[in-house]
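J.: First the structure, which I've put down as structure tokens, then a few questions once you've had a look.
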Amino acid sequence: MQAFRLVKVAGKSIIKNKMRTLLTMLGIIIGVGAVIVMVAIGEGAQSQIEQQIQNLGTNMVVVTPGAAQTSGASQGASSFSRLTPEDAQKIKNESIYSANVSPVYSSFRAQIVGGEGNWRATILGVTPEYQVIRNWDTTSGRFFDAREERTGAKVVVLGKTIVDQLYGDRDPVGERVIVNRVPMQVIGVLESKGQTADGNDQDDFIVLPYTTARNRILGRWSFMRQILINTYSAEDIPLAQEEVRAILRESHGLASWEADDFEVRNQEQLSEAAQGTTEVMTALLAAIASISLLVGGIGIMNIMLVSVTERTREIGIRMAIGARGSDVLTQFLIESIVMSILGGALGIALGVGGSTLLGSTMGWATAVNSETVVIAIAFSAAVGIFFGFYPAKKAAALNPIDALRFE
Amino acid sequence: MSETKEVIRVQQIRKTYEMGKTKVHALQGVDFNVQRGEMVAIMGASGSGKSTLMNIIGGLDYPTSGSYFLDDIEVNKLTKNQLADIRNQKIGFVFQGFNLLARTSALENTELPLLYDRSKRVKKHSEAARQSLERVGLGDRVDHFPNELSGGQQQRVAIARALVTNPSLVLADEPTGNLDSKTTVEVMALFQELNEEGVTILLVTHEDEVARYAKRIVELRDGKIIKDVPQTPDSAAKDLEELLLRRSEEQGAKEPETAQAD
Ligand SMILES: Nc1ncnc2c1ncn2[C@@H]1O[C@H](COP(=O)(O)OP(=O)(O)OP(=O)(O)O)[C@@H](O)[C@H]1O
Ligand SMILES: [Mg+2]
């Protein structure tokens, strides 16, 4: 019944001791702020990765070489598996659910000379269907066609970054570039896809027919990193996955007791795999930050204990004029709860501000979610109750005569 | 109302403090009654048990044996929470060291007991506190903090606080112990005035100078009452007038405003 009045009393006491209040709250402010920033960074990374995977295209299925699990049957020398153009061709010919299929050859850091200088970029050797699967338009010129793929034409499509580096504002379509000492003709420029969460440039690519890439540039180092497939609709994805798996098992001549030597995954599975790691990271960051919250709670207890001693006389006075033990207990408990919630609120402000600042200055993706905020508030209230209870109990147990006599 | 005229009935009260093996018999069978409207001075040497008796009467402590009735309630049988409510509603305390809350205005200090009043008799707290402060002559100091007030004024705030719940009894343990002679007379004049309005007052003092304003003197020695006599009190208001007159004569016409000081 007295609760409201006691909140007022606690409020007054908090206002009257601004310095003490601030010091008490500092631990909570920093703790809550840290938790929010850490979780925001983790969640931000997670949502960026997810977005990145969604950005790849729609209704996509990705085949990568290598077994899903290394445990189980030993496969000896044959465990070194590869994907081949024949695999891609077989999928294309036999799969009903696959709309487009493209092998992806790639090589990092190829040397490109052209325009005003030279540059190193990643090479992607694909089929024209790659453009459809990735939904990647050209801003100038065109993508190569099936004939150029078949004949291994020496044509390239450049990413925005390479154009910026080698040609500035000039349109490079029709120009010659030399890729790993092989002269090529620029036939198009791809639209910009921007940067990923971890700062990877998505425009630092040159795209060319996989035949050209394999035969003329990559040579014996050529290695098919994946086969990209898209389906006609989302419902077709699992069907396509099963179908592709069967086709590849046949193509690789696997016996029934042998495990797959490739993986067929959809975007969801890809992002789940990526999320697994970021979730661990988020949890770790949050755990570290929670420790500071705990330390903040101990700080509250410390100051409340000191405050009980310091205010023994006040407690005595209150008791002499009729405060019950429970009134004193409630007052001190409310004080510590109000301080921790207030600290929590300031911590949230700090955390949200900090996350936003990190997001804008460092270019890190951060995402403050309301769930974290609610948990932070609840947690700081719990800290207030838990660490405030012992000092409050101590205050309530004081004998009024002794308390009044206390100097 | 079927209340007896007695506010306090103390019967064979004993209080023994145990300090390890030694026992201190602070009160050894005290009997005494106080009627409504009395003003009693409790005297006695240091260690004679005055504060111990006051603490028991004030519901701050339990007697070791004997019984104590306040307004016909047997206080020594009450629980701690009931005792707290008795202190709140029936007793007003005035201490030697004022015991006001620091950084808290006179008004808020005076309001404080109402905060813990579970009977909720008083609805408008600040109104009641203001009236109480006016009653002790501090109507113009309501927003002052204790450190902005003189000792006498602080003690008057403490008295206002004691009065705000309209208690049956005001208990004052050496209320003038920290005050100079002029302020002492002022505070005693205030007590006499309140007593005339019907407030029952019990005060502890060492000094005859203070005790002479009471209507009755009780003397303790070694935890027993050795003297309990009524007397015709001197008027503190009159003494104060004389005192001020004498002072202004001494200082000539230099400070004609002295009467309003403090
Ligand atoms: N909490 C306590 N524990 C032990 N002994 C105590 C306690 N309180 C009081 N006493 C003892 O009881 C006796 C009476 O003390 P009390 O405080 O009542 O005296 P008093 O008359 O108020 O003295 P003074 O004039 O100095 O205030 C003293 O001998 C004192 O030492
Ligand atoms: Mg004493």
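J.: I'd like the orientation of helix A:85-94 relative to chain A: the angle between its Cα long axis and the longest Cα principal axis, in ° from 0 to 90, rounded to 10.
T.: Taking Cα atoms only, the helix is inclined about 90 degrees.
J.: So, one more: Just to check I understand the Karplus step: with θ = phi - 60° and J = 6.51 cos²θ - 1.76 cosθ + 1.60, what whole-Hz values come out for segment B:96-103, glycine and proline as x?
T.: My calculation for segment B:96-103 gives 4, x, 6, 6, 8, 6, 5, 6 Hz in order.
J.: To the nearest 10 degrees, how steep is helix A:370-396 against the longest Cα principal axis of chain A, on a 0 to 90 scale?
T.: 20
J.: Given a Förster distance of 35 angstrom, what is the FRET efficiency for B:His144 paired with B:Ser67, based on the Cβ-Cβ distance and rounded to 0.05? List each step's numbers first, then the result.
T.: Numbers: r = 43 Å, r/R0 = 1.22.
E between B:His144 and B:Ser67, to the nearest 0.05, is 0.25.
J.: For chain B, list the DSSP H helices whose alpha carbon atoms reach 27 Å or more along the long axis and whose average Kyte-Doolittle value is 0.0 or above? List each step's numbers first, then the result.
T.: Numbers: long enough: none.
In chain B, no H run is both long and hydrophobic enough.
J.: Provide the gained length on full extension for the span A:Leu294 to A:Asn215, in nm with one decimal, where the gain is 0.36 nm per separating residue minus the Cα-Cα distance. Don't skip to the end; give the middle numbers.
T.: Details: separation 79, 0.36 × 79 = 28.44 nm, distance 6.17 nm.
Between A:Leu294 and A:Asn215, full extension yields an extra 22.3 nm.
J.: Still on this structure, please answer the following. Go through segment A:97-107 residue by residue and turn each phi into a ³J(HN,Hα) via Karplus (6.51, -1.76, 1.60, θ = phi - 60°); whole Hz please, and just put x for glycine and proline.
T.: Calculated HN-Hα couplings, in order: 7, 7, 8, 10, 9, 9, x, 10, 9, 8, 8 Hz.
J.: Oh, and also: Rounding to the nearest 20 debye, state how big the charge dipole of segment A:81-260 is about its Cα centre with +1 on each Lys and Arg Cβ and -1 on each Asp and Glu Cβ. If you can, show how the numbers build up before the last one.
T.: Details: 21 positive and 25 negative charges, 175 e Å.
Its charge dipole is roughly 840 debye.
J.: Sticking with this one: Residues of B:116-122, mean number of Cβ from any other protein chain within 10 Å of their own Cβ, rounded to a whole number?
T.: Working: counts 11, 3, 5, 0, 1, 0, 0.
Mean shielding by partner chains, rounded to a whole number: 3.
J.: Within segment B:69-126, which trypsin sites (Lys or Arg not before Pro) sit in a loop by DSSP and count at most 14 neighbouring Cβ atoms inside 10 Å?
T.: Numbers: sites: B:Lys77, B:Lys80, B:Arg87, B:Lys90, B:Arg103, B:Arg118, B:Lys120, B:Arg121, B:Lys123, B:Lys124; in loops: B:Arg103, B:Arg118, B:Lys120, B:Arg121, B:Lys123, B:Lys124.
Qualifying residues, ordered by number: B:Arg103, B:Lys120, B:Arg121, B:Lys123, B:Lys124.
J.: Hey, rough spin-label estimate for B:Glu249 and B:Ser126, points 7 angstrom out along Cα→Cβ, what's it come to in nanometres?
T.: Taking the simple label geometry, B:Glu249 and B:Ser126 are separated by 4.7 nm.
J.: Can you put A:Leu342, A:Leu357 in order, fewest other beta carbons within 10 Å first? The partial results should precede the final answer.
T.: On the way: A:Leu342 20, A:Leu357 13.
With the fewest neighbours first, A:Leu342, A:Leu357 line up as A:Leu357, A:Leu342.
J.: Now for a different question. For the protein assembly as shown, what is the calculated [θ] at 222 nm in deg cm²/dmol (nearest 500), taking -39500 (n - 2.57) for each run of four or more DSSP H residues and dividing by its residue count? Please report the intermediate quantities before stating the final value.
T.: On the way: 20 runs with 309 residues, N = 669.
Helices in the protein assembly as shown give a 222 nm mean residue ellipticity of -15000 deg cm²/dmol.
J.: Please arrange B:Asp239, B:Asp208 by counting, for each residue, the other beta carbons lying within 10 Å of its beta carbon, fewest first.
T.: Least crowded to most crowded, the residues run B:Asp208, B:Asp239.
J.: Only Lys, Arg, Asp and Glu count, each charged at its Cβ (+1, +1, -1, -1), so figure out the dipole size of the protein assembly as shown about its Cα centre, rounded to 20 debye.
T.: Values: 69 positive and 79 negative charges, 199 e Å.
Computed about the Cα centre, the dipole is about 960 debye.
J.: Something else about it: Please give the average number of partner chain Cβ atoms lying within 10 Å of the Cβ of each residue in B:82-93, rounded to a whole number.
T.: 4
J.: Near the amide H of A:Phe262, under 5 Å away, which other amide H atoms are found, from residues 5 or more places off or on another chain, if H is placed in the peptide plane?
T.: Amide H to amide H, under 5 Å and 5 or more residues apart or across chains, A:Phe262 pairs with A:Gly66, A:Ala68.
J.: Based on the Kirkwood radius over alpha-carbon pairs, what value in µm²/s does the Stokes-Einstein equation return for the translational diffusion coefficient of chain A at 37 °C and 0.692 mPa s?
T.: Numbers: Rh = 26.1 Å.
Using the Kirkwood radius from Cα pairs, D works out to 126 µm²/s.
J.: In 10 Å bins starting at 0, how do the alpha-carbon pair distances of segment B:6-255 split up by percent?
T.: So the P(r) values, bin by bin, are 7, 30, 35, 21, 6, 1, 0.
J.: Cα centroid distance between segment B:90-145 and segment B:1-64, in Å?
T.: Their Cα centres are 27 Å away from one another.
J.: Another one. Pairing the Cα long axis of helix A:325-361 with the longest principal axis of chain A, what angle in degrees results, from 0 to 90 and rounded to the nearest 10?
T.: 30
J.: When B:Leu149, B:Leu78 are ordered from fewest to most other Cβ atoms inside 10 Å of their Cβ, what list results?
T.: On the way: B:Leu149 19, B:Leu78 16.
Arranged by neighbour count, lowest to highest, B:Leu149, B:Leu78 become B:Leu78, B:Leu149.
J.: Between A:Leu357 and A:Arg150, what's the calculated FRET efficiency when r is the beta-carbon distance and R0 is 41 Å? Round to 0.05.
T.: Values: r = 54 Å, r/R0 = 1.31.
Working from the Cβ atoms, E equals 0.15.
J.: Which Cα, out of B:Val157, B:Leu60, B:Leu101, lies furthest along the positive dipole direction of segment B:6-255 (beta carbon charges, K/R +1, D/E -1)?
T.: Of B:Val157, B:Leu60, B:Leu101, it is B:Leu60.
J.: Moving on to the next point. With +1 on each Lys and Arg Cβ and -1 on each Asp and Glu Cβ, and nothing else charged, work out how big the dipole of segment A:250-370 is about its Cα centre, in Debye to the nearest 20. Please report the intermediate quantities before stating the final value.
T.: Details: 5 positive and 12 negative charges, 272 e Å.
Value, rounded to 20: 1300 debye.
J.: Moving on. Find how many whole Å separate the alpha carbon centroid of segment A:97-139 from the alpha carbon centroid of segment A:1-35.
T.: 60
J.: Taking Cα centroids, how far is segment A:202-232 from segment A:356-407 in Å?
T.: One Cα centre to the other: 57 Å.
J.: Follow-up. Normalised by the empirical 2.2 N^0.38 Å for globular proteins, what value does the Cα Rg of segment A:265-381 take? Numbers along the way, then the final one.
T.: Details: Rg = 21.0 Å, N = 117, 2.2 N^0.38 = 13.4 Å.
After normalising by residue count via 2.2 N^0.38 Å, the value is 1.56.
J.: A further question on this structure: List the aspartates and glutamates whose Cα sits under 12 Å from the Cα of B:Lys124, skipping any in the same chain fewer than 8 residues away.
T.: B:Glu111
J.: On the Cα set of segment A:81-260, report Rg and Dmax in Å, please.
T.: 17.3, 58
J.: If the cut-off is a Cα-Cα distance under 30 Å, which lysines reach B:Lys227, setting aside same-chain residues fewer than 8 apart in sequence?
T.: Within the straight-line cut-off, B:Lys227 pairs with B:Lys5, B:Lys15, B:Lys23, B:Lys50, B:Lys77, B:Lys90, B:Lys182, B:Lys215, B:Lys238.
J.: Hey, in the GNM for chain A with a 10 angstrom Cα cutoff, which one of A:Gly296, A:Gly66, A:Gly31 fluctuates hardest?
T.: Residue with maximal mean-square fluctuation among A:Gly296, A:Gly66, A:Gly31: A:Gly66.
Coordinate-derived values only; no laboratory data. Values in this document were obtained by computation on a predicted structure and should not be read as measured data. Note that each Cβ is placed from the backbone with ideal geometry, even for glycine, and that neighbours are counted across all protein chains shown.
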